[in-house]
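Laboratory data are not the source of any read-out in this text; all were calculated from the coordinates shown. Note that the coordinates shown come from a computational prediction; the quantities given were computed from them, not determined experimentally. Cβ atoms come from the backbone with ideal geometry, glycine included; neighbour counts cover every protein chain shown.
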């Protein structure tokens with residue numbers, strides 16, 4: 001799995017979904033537009049339903065709940081994480097990133113433009129608030145097997 005850099009200032013959800021699906025930012029942005037979601041839509045970083053809808057439309061499934069982050073070890077092998085969580089105005093807001101694990105190796109794919117590397121292993125610096133488990137499926141019914149080597153970016 002490779003990181004995808006957001007092309008819009010507010011496109012972290014689109015880039016995170018693109019990374020999960022192995023698609024380009026523009027491909028997922030096109031899918032998002034087709035279902036009425038746009039990078040500048042505040043709901044993409046203040047609500048979870050739009051990213052769940054985008055994942056489902058593009059061929060993956062998000063777990064039904066936002067689960068509190070307890071530790072990196074307790075995360076599933078593939079998850080969307082909310083980091084940089086804050087109250088903005090009267091609403092919560094966050095930055096979406098993707099957590100991936102293959103055996104004992106793990107990393108976070110951070111779509112933020114301008115990072116030295118979008119593959120992060122500085123776990124102590126990130127402060128996740130909660131996460132959503134993600135399953136990549138062929139039809140939404142049966143889980144597709146993903147080769148373990150695809151979970152780690154090529155450095």
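Which of 97, 5 has the fewest other C-beta atoms within 10 Å, and how do the rest follow up to the most? Walk me through the numbers before you get to the answer.
Numbers: 97 26, 5 18.
With the sparsest Cβ surroundings first, the list reads 5, 97.
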Alpha carbon centroid spacing (whole Å) that separates segment 1-42 from segment 117-134: 18
Can you sort 70, 48 by how many other beta carbons sit within 10 Å, fewest first? 70, 48
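Determine, from the Cβ-Cβ distance of residue 71 and residue 38 and an R0 of 22 Å, the FRET efficiency 1/(1 + (r/R0)^6), rounded to the nearest 0.05.
E(calc), rounded to 0.05, equals 0.05.
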Given Cα pairs under 8 Å that are at least 6 residues apart, what percent is the relative contact order of the chain? 28
The chain: calculated mean residue ellipticity at 222 nm from DSSP helix runs of at least 4, using -39500 (n - 2.57): -6000 deg cm²/dmol
